[in-house]
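Working notes for the structure below.
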Amino acid sequence: MTDNTHDSTGGELAELGPIPDPGIPEHTWRPTDVDPKAEKRAERQVSAMFGLSAVFTILFVVSYFTFHIGEHWTVWLGHGVSTIALGVTLGLALLLIGVGIIQWARKLMGDHEISELRHPARSDDESREGTLAALTQGLEESGIARRPLIRNSLLGAVGLLGVPAIVMLRDLGPLPGDSLYHTIWGMGTKKHPMRIVRDGIWSPILASDLEIGDLVNCQPDAYKNPQRYGIDPTLVEGTELQVQKAKASLILSRMDPGDIKPGPGRKNWTVDGIVAYSKICTHVGCPISLNERTTHHLLCPCHQSTFDLANSGKVVFGPAGRPLPQLPIAVDDEGYLVAQSDFTEPVGPSFWERNYVQR
Amino acid sequence: MRLLNRSAGRLSRYRRGPIAGFVVLLLGLLLTGGLYAAFSPAHADSDSAAAKQAQIEKGRQLFLVSCAFCHGQNGQGVLTQGGSQLGPALTDVGAAAVDFQVGTGRMPMTMPGPQAKEKQPSFSDQEISDLAAYVASLGTGPGIPDKQLYSTQGMSQSQINALVQRGGQIFLANCTACHNFEGSGGAMPRGGFAPRIRGVSSKHIYEAMLTGPQSMDTFSDGNIPPQDKKAVIAYLNNLNNTPSYSGLTLGGLGPVSEGLIGWVVGLGFLVGFAVWIAAHTTRTTKKKDGASA
Amino acid sequence: MSSADVASTNGTKPATVSGGNKRVGTIANWADERLGLASLAKKNLRKVFPDHWSFMLGEIALWSFVVLLITGVFLTLWFDPSMSEVTYNGSYAPLRGVDVSSAYASTMNISFDVRGGLLLRQMHHWAATLFVASMMIHLMRVYLTGAFRKPREINWVIGCFLVLLGTIEGFTGYSLPDDLLSGTGVRAADGFIKATPIVGTYISFFLFGGEFPGSHIIPRLYSMHILLIPGLLLALIAAHMMLLVYHKHTQWPGPGRTEQNVVGFPMLPVYMAKAGGFFFIVFGTIALLGGLFSLNPVWKFGPYDPSKVTAGSQPDWYMGWPDGLLRIMPAWETHLWGHTVSWNIMVPILVCPPAMLTILILLPFFENWVSGDKREHHLLQRPRNAPTRTAILAALATFYALAWTAGGNDIIAIKFGLSINEITYFLRGAVFVGPVLAFIIARRWCISLQRHDQEKLLHGYESGVLVRSPAGGYAEKHLPLPLAKAYALTARETETYMTEEQMAESAANYKGRFPKLRARLQRAYFAHTVPNVTVEELHEAQHHAEHELHEMEAQIAAGPNRHGPTQGH
């Protein structure tokens, strides 16, 4: 900078260029200052805006009581009228007040530019010294410097009071335990392995129902038939159901059995070309079912991780770090698709404790 | 049947009219013909079989001219020398696929590419059904769906409401992932896209679910039963007919277009106002009487 | 500068004192005898604020915040922040009979059964969009004009925290309606938390009261959204404003505007009117946006269901850039000793945004450390006159914009017929190359603009008048700049730099560590700037211009084209 020798007293200011300051330019008048007609016109303009604003406010109230919402909206040109009418009338009522006030300020209020002196942000030396003296005196009288035992024990005691604030948070929720390692798919029994049902339709699926190229969004049968699996119905109700869905959502895809490259130990995880994978992305947990039938590539709409369903759910693109967990499936004695067991690894996003073994 | 009904309607209104005699005569003849047709099935079958054969032949001619280059002379598909598919085999796609692909203008493609885009259909309805008949004759595959499969005609309002409600849930579970929450479409890997499906005819949506055009998965009847396909279509039609409650929908694309509007329209408008508020007002060379400027 | 410069009047005075003033006097007297406000009011009622459009960007943020408070209070009257399951039975037929959370049901109730409720919801959301957006452009204005320099560094830091809090406030609000989009956002947030090393899983379980989504997250976000964060925002905004009043507003250099004064209009009445009027304009604009443009149509998204998702799942724009980084991040995950380290999530979410905030906060201190400048600055600098500073912001903004683009890659892909894979590959490189290019281009651009200014000062501005010489050539007449303009252009310092040795000799300003680095940075920061014109150069230019003008006029008078535009010269 031009002059770097200033000390830190703060009052110093930058020096400016070669032309001497001509000073604040001479004030010139606006038409509204010198022409009474223009002044009257501006006055009328401003008050007309305020008047018009009042009209819009009244129209707002009228719209509020006129236009129906609920089951039978008042519709005009394919639009629900209420929202638009209320928004536009309120908006214009407010805008006109604003524009009116600004116009008033611009045309009619005094417009001499005035100058005000600045003062440095720092206090003057006298105040500084006074404050310093008061501080020193206060500290001296308290004896805090002379009695370190009191000071340190007080600091310790107050500092420790932070601990209850943190400890109190403990009961915000339970400890994770092993809950992330299990899903409701594992709650099928030997007699009744967990059936796979269509999401939203809730009917079980025969292997023969599906054609090559079908993609089915699925859920476990336990939501609708908990008693069949001896599951407490409260486990699949309300927010508990959401918790289950967040882990158990599944996609089935039937492809040409020749397309499938089964991973090690996964030879009999499929039924006639039908593969089952977790629907929960291994990246941050979005449900994924954007499948390309021709390539068997499954895309996540949130961050575009792409998984290969024909090849153990391996990541072919995007930020996900691990393949989609595959669910081993079979058919039960009635021919319906069932889960052989739970997922063999935790589903969904990674977490610190997760032990992942690359296959 | 429709013709018959209409003449019956006329009959009652013009009972005393001068042409009533003629109409009665005509009706008699039609009835006789109809009854004859109904009671001599063998003859009628061979008649319609011949018509069908003629239609298939017509379709084959069209196919040879417009489709065979990519799909092969007998619809067996064509591999390029590099081994990639120029046009897939059409032996088992069925009439529904043809009706969808040609009916929405996707086929014939302007040039080979990964994904055909919707455009003005190149064929008339009659030609499309000829083509469909020919392709259907090549093998198996779903036929063109019956209107009653996707139409809510004849259902009561409360039945339709229940259907729409069910359809919405199935739509959100199966369709929105690719086609977006209001059917505005979305991106797929490597330049592919799931097209916008709003405003597409019910029949074509049904056919698309049934046949899985391009890279779309199929939603066969074993996957989503016909009644539930109808529910999805009812939901989509409901979306089409629902007014926009909240103003302009900005393409129904979600937060990206909303953010754009916020920055460009909202902030642009306000910065414009700020410029006006701080701008210098007009000045005059006149001076105010008695004032020291 | 004498105290006479502090004007006590502002023009038009009414001739007569109306009766109203007497009443005002009585009330003022009553109040002052109890509160003693007069001494404070005397100082502030006529406080001077300079006028410039760019000084009102922060005001947009302030007024959006007020609108957020007003609309937010209305929304709380109907919103029920509970995740308990109810069967929707309201007016929107396609969802009737569907099991939803109370939060979603009440959001639907506000939208469909409360008249104007949908408008309020949309206004609240648009105001949030504008709140963060206007804070961002305000921040950029403050940085580009050097308004963050001493004594305003603390206010800069407060401002940075306001952006952070505004963003968190926006995210918590986005999550409340419990529709498919907001639930997907919370789901992703859960993924982010779980990716935190060592404590992530525990934090997730504590925050959600168990496994995702549980039944606690919405009430907890709600209390943060309507109590904790607004309280902090309010306190910080108050501090921000108090410091603004204490420091007095910065101003652009110009005739009569010095480092020692502030020139403009008084608080009462002009600035109060302009600010108050602008409040109504911001409010009105938000009402128009709310009435005309759809925002988050929750009935189409349906209630949140962890098994459902929609294409185009995006956060609101201000969370778009970390989301974009998340999209372009390669799939790096380390598995060590039975533990998972998710670089693919930690880098874009847990490292980059805090790093960006830290960089923002440190910008003034960094520049100050480099320059060693200890003086107060109240006159603004044009962005071109601080080329390196401008270039730094250009680089940061380019990084931000590219990450932002990545956040909308799917929408860009379908709208422009591109491939998301290719966009992603491109952006993976562009986030590194782009900022560097932007830095270089912005700096060169600033320097050439500075040269252009110098040209104008020394050779006059292009008048648009073409003159033909007797030889048949054409030339454009240059006219000297008006004094006020010339003064405004030259009222700046020339930034110089020192060598390490000079620094060592120089006094207190250059104590401290890394003297070599500091000298090199100072050189890099200030070496390219075009020096201000000197008095001698100006004099010479003036002589030259006069001479040229006379010559030209003589030529015109003598030449064949006697009708040339010589009038007035």
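Values in this text are rule-based calculations from the coordinates and carry no lab data. Nothing here was measured: the structure is a model prediction, and the numbers come from that model. Every residue, glycine as well, gets a Cβ built from its backbone with ideal geometry; the counts of neighbours run over all protein chains shown.
The mean count of C-beta atoms from other chains within 10 Å of the C-beta of residues in C:344-355, rounded to a whole number, is 2. Taking 1.002 mPa s as the viscosity and 20 °C as the temperature, the Stokes-Einstein diffusion coefficient of the range C:454-539 based on its alpha-carbon Kirkwood radius rounds to 130 µm²/s.
A crude spin-label estimate for the pair C:Leu437 and C:Asn44, with each label 7 Å from Cα along the Cβ direction, gives 5.0 nm. Contact order, relative form, for the range C:446-558: 32 percent (alpha carbon pairs under 8 Å, 6 or more residues apart, mean separation divided by residue count).
Rg/Rh for the protein assembly as shown (Cα atoms only, Rh after Kirkwood) is 1.05.
Whole-Hz Karplus values for the range B:152-169 come out as 8, 4, x, 8, 6, 4, 6, 5, 5, 4, 5, 5, 4, 4, 5, x, x, 5 Hz, taken residue by residue from phi with 6.51 cos²θ - 1.76 cosθ + 1.60 and θ = phi - 60°; glycine and proline positions read x. The mean number of Cβ atoms from other chains found within 10 Å of a Cβ in peptide C:175-185 is 2, as a whole number. Per-residue mean of foreign Cβ neighbours for C:478-488 is 2 (Cβ atoms of other chains, 10 Å radius).
Can you pull the Rg over Rh of the range C:85-179, Cα-only, Kirkwood? Walk me through the intermediate numbers first.
Working: Rg = 19.4 Å, Rh = 15.9 Å.
Radius of gyration over Kirkwood radius for the range C:85-179 works out to 1.22.
Across the alpha-carbon atoms of chain A, the computed radius of gyration and Dmax are 37.1, 100 angstrom. Going 7 Å from the Cα of C:Glu153 in the Cα-to-Cβ direction, what parts of the range C:349-371 have a backbone nitrogen less than 17 Å from that spot? Within reach of a label on C:Glu153, which here means backbone N under 17 Å from a point 7 Å along Cα→Cβ, the range C:349-371 contributes C:358-371.
Computed from the C-beta positions of C:Trp78 and A:Arg151, the FRET efficiency with R₀ = 51 Å rounds to 0.45. Using Cβ point charges alone (K and R +1, D and E -1), the dipole size of the protein assembly as shown about the Cα centre works out to roughly 1840 debye.
Quick one: if you take sqrt(5λ) for each eigenvalue of the C-alpha gyration tensor of the range A:31-107, what semi-axes come out, biggest first, whole angstrom? Calculated on Cα positions only, the semi-axes equal 36, 9, 8 Å. Amide H contacts under 5 Å for A:His303: none, restricted to partners 5 or more places along the chain or on a different chain, H placed in the peptide plane at 1.01 Å from N.
For the range C:37-141, the extents of the C-alpha atoms along the principal axes are 62, 35, 23 Å, listed from largest to smallest.
When you have a sec, figure out the Kirkwood radius of the range C:50-316 from all distinct Cα pair distances and drop it here in Å to one decimal? Show your work: numbers first, answer last.
On the way: mean 1/r = 0.0489 Å⁻¹.
The Cα-based Kirkwood calculation yields 20.4 Å.
For A:Asp332 and A:Leu77, a Förster radius of 45 Å and the Cβ-Cβ distance give a FRET efficiency of 0.20, rounded to the nearest 0.05. The amide H of A:Ser312, built 1.01 Å from its N in the peptide plane, has A:Lys261, A:Gly263 as neighbours under 5 Å, considering only residues 5 or more places off or on other chains. Per residue, the convex hull spanned by the Cα atoms of the range B:138-199 amounts to 147 cubic angstrom. Magnitude of the charge dipole for the range B:45-144, about its Cα centre and with charges confined to Cβ atoms of Lys, Arg (+1) and Asp, Glu (-1), is about 360 debye. Along its principal axes, the range C:377-460 has C-alpha extents of 52, 29, 19 angstrom, given from the largest down. Computed about the Cα centre, the dipole magnitude for chain C is approximately 840 debye when only Lys and Arg (+1) and Asp and Glu (-1) carry charge, each at its Cβ. Principal axis extents of the C-alpha atoms in chain C (largest first, rounded to whole Å): 93, 74, 60.
Normalised by residue count, the range B:147-241 yields a Cα convex hull volume of 88 Å³ per residue.
Between the Cα long axis of helix A:125-142 and the first principal axis of chain A there is an angle of about 60°, rounded to the nearest 10. Remark: the Cα gyration tensor places the range B:45-144 in the prolate category, a/c being 1.5 or greater and a/b exceeding b/c. For the options A:Arg228, A:Arg198, A:Arg118, a Gaussian network treatment of chain A with springs between C-alpha atoms closer than 10 Å singles out A:Arg118 as fluctuating the most. Say the dipole of the protein assembly as shown comes from +1 at the beta carbon of Lys and Arg and -1 at that of Asp and Glu; which of A:Gly23, C:Val530, A:Ser63 then lies farthest toward its positive end? Of the options given, the answer is A:Ser63.
Using R₀ = 25 Å, calculate the FRET efficiency as 1/(1 + (r/R₀)^6) where r is the Cβ-Cβ separation of C:Ile359 and C:Trp332; round to 0.05. Don't skip to the end; give the middle numbers.
Values: r = 23 Å, r/R0 = 0.92.
Result of the calculation: an efficiency of 0.65.
Taking every DSSP beta bridge that has both ends in the protein assembly as shown, the antiparallel portion is near 90%. Modelled this way, with points 7 Å down the Cα-to-C-beta line, the labels at C:Thr534 and B:Val78 are 8.0 nm from one another.
Taking the Kirkwood radius as Rh and the Cα radius of gyration as Rg, the range A:179-339 has a ratio of Rg/Rh equal to 0.95.
Placing pseudo-labels 7 Å out from each Cα toward the beta carbon at B:Gln120 and C:His547 gives an inter-label distance of 7.2 nm. Here the Karplus curve 6.51 cos²θ - 1.76 cosθ + 1.60, taken at θ = phi - 60°, turns the phi angles of the range C:470-475 into couplings of x, 6, x, x, 10, 9 Hz, with x standing for Gly and Pro.
Can you tell me what percent of all Cα-Cα pairs in the range B:129-169 are more than 13 Å apart?
Details: 539 of 820 pairs.
Beyond 13 Å sits 66 percent of the P(r) for the range B:129-169.
Of C:Lys456/C:Lys516; A:Lys40/C:Lys274; A:Lys190/A:Lys267; A:Lys37/C:Lys42; C:Lys43/C:Lys511, which ones are farther than 32 Å apart at the Cα?
Numbers: C:Lys456/C:Lys516 38 Å; A:Lys40/C:Lys274 21 Å; A:Lys190/A:Lys267 21 Å; A:Lys37/C:Lys42 35 Å; C:Lys43/C:Lys511 39 Å.
Check vs 32 Å cut-off fails for C:Lys456/C:Lys516; A:Lys37/C:Lys42; C:Lys43/C:Lys511.
A straight Cα-to-Cα reach below 21 Å connects B:Lys147 with the lysines B:Lys52, B:Lys203, B:Lys229, B:Lys230, residues fewer than 8 places away in its own chain not being considered.
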